[in-house]
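Below is one structure, written out as structure tokens; comments come after it.
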Amino acid sequence: MSGDAGPEEVLDGLSRHARKLVAELAGPVRRVRLRSGETVLEVEWHHPARPAPRAEADPVPGPRVETAAPVTDRPAVRAPVVGTFYRSPEPGAAPFVAVGDVVRPGQVVGIVEAMKLMNEVTAGQAGRVVEVLVEDGKPVEYDQPLIALEPLTGRDG
């Protein structure tokens, strides 16, 4: 990208580089930011991203305008991988957690099966389970909220 290129040419070049970069990266991409001089291209996916297809001609979303991100009112335990969510360790067993249970960081709260591998879903923080957001045996996407938590206060747990 030469120094005498106009902003549109620079942005077009950054877009081509972003497409190539996203296509080459392994795993889901949530945010890309490229800069050339004063021109910046920033792309962010607000929903869980799927791994980018390897085709060179795939479109990349256009530049986004900075806006306030949606505020989630509760923290959630999220899917660590794409797969099938299970609430219990085996069919017919009691679920790992139920609404009203208090969970601690690192506690197993579910399983996501991916390619015949059982991946434990663990709580990243302490909290009280206020809602199970995904039904047992349903497919989930990477980073999808599975269980809504209410943070613990000093008098909890």
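A few remarks follow.
- The stretch 73-84 residues that are closer than 23 Å to D101 by Cα and free of Cβ contacts under 8 Å to residues at least 60 places away in the same chain, paired with ones that are acidic (D, E) and part of a strand (DSSP E or B) (beta carbon under 7 Å, 6 or more apart): T84/E113
- Residue in the stretch 124-157 that is modelled with the highest pLDDT, counting only those that are farther than 17 Å from S88 by Cβ and among the basic types (K, R): R128
- Flag for A94 being out of contact with any Phe, Trp or Tyr (no Cβ under 9 Å at 6 or more places or on another chain) and either more than 18 Å from R74 (Cβ to Cβ) or not in a loop (DSSP other than H, G, I, E, B) (or both): yes
The values are calculated or read from the model by the stated rules, or taken from the named source; none is laboratory data. In this text the structure is predicted, and so the values were computed from the model without any measurement. Because the Cβ atoms are built from the backbone with ideal geometry, glycine has one as well, and the counts that use them run over all protein chains shown.
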